[in-house]
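The values are calculated or read from the model by the stated rules, or taken from the named source; none is laboratory data. Everything numeric in this text was worked out from a predicted model, so none of it was measured. Note: ideal-geometry Cβ built from the backbone for every residue, glycine included; neighbour counts use all protein chains shown. These accessible areas exclude ligands, DNA and RNA; they are computed on the full protein's heavy atoms, side chains included. Shrake-Rupley method; radii C 1.70, N 1.55, O 1.52, S 1.80 Å.
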Amino acid sequence: MKSMDKTLTELCGNDIRYCSYEEVYMALLSLVQKESEKRAVPATGRKLYYISAEFLIGKLLSNNLINLGLYDDVKACLEFHGKSMAQLEETEPEPSLGNGGLGRLAACFLDSIATLNLPGDGIGLRYHCGLFHQNFTDRLQDETPDFWLGGHDWARKTDITYPVSLAGRDYTARLYKIAVTGYEGRTNYLNLFDLDTVDQSIIGKGIQFDKQEIDKNLTLFLYPDDSDDDGRLLRIYQQYLMVSAGAQLILDECTRRGSDLHDLYDYAAIQINDTHPSMVIPELIRLLCEKGIDFEEAVEIVTRTCAYTNHTILAEALEKWPRHYLDKVVPQLTPIIEKLDAVAASRTNDSSTAIIDSNNIVHMAHMDIHFTHSTNGVAALHTEILKDSELNHFYKLYPEKFNNKTNGITFRRWLLKCNPELTQLIENLIGTGFRKDASQLEKLADFTEDRKVLKQLASIKYDNKLALAEWLKNTQGIYVNPSAMFAIQSKRLHEYKRQQLNLLYLIHQYFEIKAGRLPQTPLTAIFGAKAAPAYTIAKDIIHALLVLSTVISLDPEVSEWLQIVFIENYNVTAAEKMIPACDLSEQISLASKEASGTGNMKFMLNGALTLGTMDGANVEIADAVGDDNIYIFGQSSKQVIHRYAQGDYCACDWYEGDPNIRRAVDFLTSEEMLFHGSQEHLTRLKNELIRKDWFQTLPDFNAYVVRKNQALADYAENPIDWTRRSLINISKAGFFSSDRTIQEYNRDIWHLG
Ligand SMILES: *Cc1c(COP(=O)(O)O)cnc(C)c1O
């Protein structure tokens, strides 16, 4: 503490007591950067490059202090001078460089790679505004830019630049570096590219801007609205900037370390995170050919170096570009993609695996599978579905390329950082070994009958609920009852994730309570979710939940038993406050549609029980904890896939045939709802549910109501047993550490070092 005090005082240039939080933050930023640099080690052997359009890293200060082993010292030092760590954290803007799970996964992976002392960097883009900031106005989402670059961010500007040619014009990509410090491990880097000419002043109303001025807008936003042609073109511009600069960086580093490029795969392993970076394949081939390697060999080198991760089976999320878009933006790549298409065609007669189809549409995922050596899914069920149905033709062609890597989360952020009280309890019981070896959490199973331990665990949960309540009061002026059961559904808003199913349940409960059929305990349903700006129905669902929340809060008969809270601007910072406070984790996607989920793992680790469908990693969570310690409901993925194949699902049959469903759906446009809500939004949502319901909400409705009410009853009737099952969940969470995931990637795909 003494030496920390001295160091910090020096860095602040003043007595810490008299410094502003801003000044202390800047001092700590430079301290962490210095300490991180000390742990950077030159790569030897094969080094990983994880290319991703998103890295949802969250705030870095506390996380880095924990990983460097400085957190406790700094906290004590600040407290000694009358400053609080919590308030200091508020000073740091969150870098929201991701949409959701896929970007968060990339961030967890970087943490684990550095923690495991593996050589591996990220490659991405330095968006000036991350994902938009969400606020609710008149119970509707609205979007404003989320500036996070305030001159005191973690990205260090370098003088390394690369030329990138876009639509025939030359641009200069500049490299920024963020140090990624592992827990008691090495320092790697997140490499982010940007153009010096990008100009934030062109942002107009909300998040609108001129999509044509590439030099000014290229890295302004993550995934700009792509509902029009200019928006879609801009995505290709962004992606090519990332992969071209990234490929040049990789070749540069490998050459400097002694590669003659013929042996590139001895120096580099490249992981392509979903299809956004897929153009790195033809770009690397182009660059290798420029350096005198012939096409066949370049294809071979790139295939051996690159691997691809698939994140979705939703057809609309698998990127396909009209050939003429690519002709316009990356004319230097289209001849190569054409040649790759010919090579692929020479391997099979199956035209469904073509890279360029008969309509001149380019399928990025197809290029990935043909020209990388590994295609992995992100949970056991997802990988099986890829092999059996979605990518079955590819699986038949290349069975040896397919493998599963069930996602994981870093326990440093999602336990140590966000739930210090629980961390302390675990350490008192089983020591600190679990910090780096998560399987040691299994030792907690020895305490499931220990009433003293269960009481401590219950009181930690209660404290975390109080803390969330306090935060809600301060940030949104919302009061919640901490004794109610907290059921949380927080994730991107998407119809396949089925926030609308939760909505229908809440309406159902509203009617039941009005009819005097009271639940055993009050329920607080908490949501956090951003909807893509152009995703109309998703915004309608947010609106309906906000309106229902008002209807209920103004009805004293119901509000005593039921409350809906929608937390604004769901991001990593919000997640860190919500997850430790959760009793029931809502993972209710339509079976077969959620590739993995990682939110489910964070909640489990923090002692929530899961209410979920047999989808994604829920299946593996259910396996790990056993039927008694999870609430499973709904159709199986087989039933769902069968129903899609039959094509005979008719929502109206369910609506007309079930009075409870009809009552809930009709309520959307009731007088009570319309009094506070918009006719247009609510009617559209109602019609969507009756006429389309593409994600089969209605067939799962009754099973969901029954299971959720069972959970409520169990929670109310036997709290000690609930806590016992909560402890079992924590003890089984070890498998879901991203350290385990990364060890598997390294063992099966990367072979680093
Ligand atoms: C973990 C996380 C997600 C992913 O949640 P899912 O439930 O797996 O979709 C999305 N957003 C944030 C901020 C997260 O931390």
Q) Does at least one position in the stretch 482-502 carry a residue that is charged (D, E, K, R), surrounded by 16 or more Cβ atoms within 10 Å (Cβ to Cβ) and farther than 22 Å from residue 708 by Cβ? A) no
Q | residue 189 open to solvent by 10 Å² or more (accessible area, probe 1.4 Å), within 30 Å of residue 432 (Cα to Cα) and among the hydroxyl-bearing types (Ser, Thr, Tyr) | A | yes
(Q) Yes or no: the stretch 111-125 includes at least one residue that is among the small types (Gly, Ala, Ser), modelled with pLDDT under 95 and either assigned to a strand (DSSP E or B) or within 29 Å of residue 308 (Cα to Cα) (or both). (A) no
Q: Search the stretch 36-65 for residues being among the hydrophobic types (A, V, I, L, M, F, W, C) and either surrounded by 22 or more Cβ atoms within 10 Å (Cβ to Cβ) or within 16 Å of the ligand (Cβ to nearest atom) (or both), and hand back the single one that is farthest from the chain's Cα centre (by Cα).
A: 65
Q: State yes or no: is residue 442 assigned to a helix (DSSP H, G or I), more than 16 Å from the ligand (Cβ to nearest atom) and touching a Ser or Thr at 6+ places or on another chain (Cβ under 8 Å)?
A: yes
Q. Could we say that residue 128 is within 16 Å of the ligand (Cβ to nearest atom), in contact (Cβ under 8 Å) with a residue 60 or more places away in the chain and either out of contact with any His (no Cβ under 9 Å at 6 or more places or on another chain) or open to solvent by 20 Å² or more (accessible area, probe 1.4 Å) (or both) here?
A. no
Q.
So in the stretch 13-60, with the set limited to residues that are touching a helix residue (DSSP H, G or I) at 6+ places or on another chain (Cβ under 7 Å), modelled with pLDDT under 95 and not in a helix (DSSP H, G or I), which one is farthest from residue 249 (Cα to Cα)?
A. 15
Q | Of residues in the stretch 108-118 being crowded, with 24+ Cβ neighbours inside 10 Å and farther than 20 Å from residue 148 by Cβ, the one nearest to the chain's Cα centre (by Cα) | A | 109
Q: Look through 600, 569 and report the one residue that is outside any helix (DSSP H, G or I) and within 16 Å of the ligand (Cβ to nearest atom).
A: 569
Q: Give the residues of the stretch 572-597 that are within 11 Å of the ligand (Cβ to nearest atom) and assigned to a loop (DSSP other than H, G, I, E, B), sorted by residue number.
A: 588, 589, 594, 595, 596, 597
(Q) Could you tell me how many of the residues in the stretch 451-481 are touching a helix residue (DSSP H, G or I) at 6+ places or on another chain (Cβ under 9 Å), open to solvent by less than 70 Å² (accessible area, probe 1.4 Å) and not in a helix (DSSP H, G or I)? (A) 3
Q: Please tell me if residue 105 is at pLDDT 95 or above and either more than 20 Å from the chain's Cα centre (by Cα) or away from the ligand (no atom under 16 Å from the Cβ) (or both).
A: no
Q.
Given the criteria touching a Gly at 6+ places or on another chain (Cβ under 8 Å) and within 16 Å of the ligand (Cβ to nearest atom), does residue 110 qualify?
A. yes
Q) Among the residues of the stretch 570-589, is there at least one that is farther than 20 Å from residue 414 by Cβ and among the charged types (D, E, K, R)? A) no
Q. Name the pairs: first residue in the stretch 290-313 and open to solvent by 10 Å² or more (accessible area, probe 1.4 Å), second residue of a type in the set (Asp, Glu), Cβ to Cβ under 9 Å, at least 6 apart or on different chains?
A. 311/274; 312/274; 313/390
Q: Please state which of the following conditions residue 278 fails to meet, knowing it meets all the rest: (1) buried (at least 20 other Cβ atoms within 10 Å of the Cβ); (2) touching a Leu at 6+ places or on another chain (Cβ under 9 Å); (3) not β-branched (Val, Ile, Thr).
A: (2)
Q) Can you pull out the residues in the stretch 217-262 that are at pLDDT 95 or above, at negative phi, open to solvent by 40 Å² or more (accessible area, probe 1.4 Å) and not acidic (Asp, Glu)? A) 255, 256, 257, 262
**Q.** Which listed residue is among the acidic types (Asp, Glu), in a loop (DSSP other than H, G, I, E, B) and either open to solvent by 30 Å² or more (accessible area, probe 1.4 Å) or in contact (Cβ under 8 Å) with a residue 40 or more places away in the chain (or both), from 153, 142, 72
**A.** 153
**Q.** Top-ranked residue of the stretch 475-524 - restricted to ones that are within 16 Å of the ligand (Cβ to nearest atom) and among the small types (Gly, Ala, Ser), ranked as farthest from residue 87 (Cα to Cα)
**A.** 487
**Q.** Residue count for the stretch 542-565, restricted to those that are open to solvent by 10 Å² or more (accessible area, probe 1.4 Å) and within 16 Å of the ligand (Cβ to nearest atom)
**A.** 0
Q | Top-ranked residue of the stretch 706-743 - restricted to ones that are within 30 Å of residue 115 (Cβ to Cβ) and polar (S, T, N, Q), ranked as most open to solvent (accessible area, probe 1.4 Å) | A | 743
Q.
If the requirement is being within 23 Å of the chain's Cα centre (by Cα), under 30 Å from residue 426 (Cα atoms) and of a type in the set (S, T, N, Q), which of these qualifies: 459, 490, 483?
A. 490
Q. Applying the selection to the stretch 503-521, what residues are buried (at least 18 other Cβ atoms within 10 Å of the Cβ) and in contact with a strand residue (DSSP E or B) (Cβ under 7 Å, 6 or more places away or on another chain)?
A. 506, 509, 510, 513
Q: Test residue 176 against the stated conditions and say whether it is modelled with pLDDT of 95 or more and either over 25 Å from the mean Cα position of the chain (by Cα) or aromatic (Phe, Trp, Tyr) (or both).
A: yes
**Q.** Filter result for residue 398 (surrounded by fewer than 20 Cβ atoms within 10 Å (Cβ to Cβ), touching a Pro at 6+ places or on another chain (Cβ under 8 Å) and among the hydroxyl-bearing types (Ser, Thr, Tyr))
**A.** no
**Q.** Qualifying positions in the stretch 317-334 - open to solvent by 20 Å² or more (accessible area, probe 1.4 Å), in contact with a strand residue (DSSP E or B) (Cβ under 7 Å, 6 or more places away or on another chain) and either in a helix (DSSP H, G or I) or of a type in the set (Asp, Glu) (or both)
**A.** 323
Q: Go through (1) out of contact with any Ser or Thr (no Cβ under 8 Å at 6 or more places or on another chain); (2) outside any loop (DSSP other than H, G, I, E, B); (3) under 30 Å from residue 271 (Cβ atoms) and name the single condition residue 194 misses.
A: (1)
Q) Looking only at the stretch 129-152, which residues are in contact with a helix residue (DSSP H, G or I) (Cβ under 8 Å, 6 or more places away or on another chain) and modelled with pLDDT of 95 or more? A) 136, 139, 140, 141
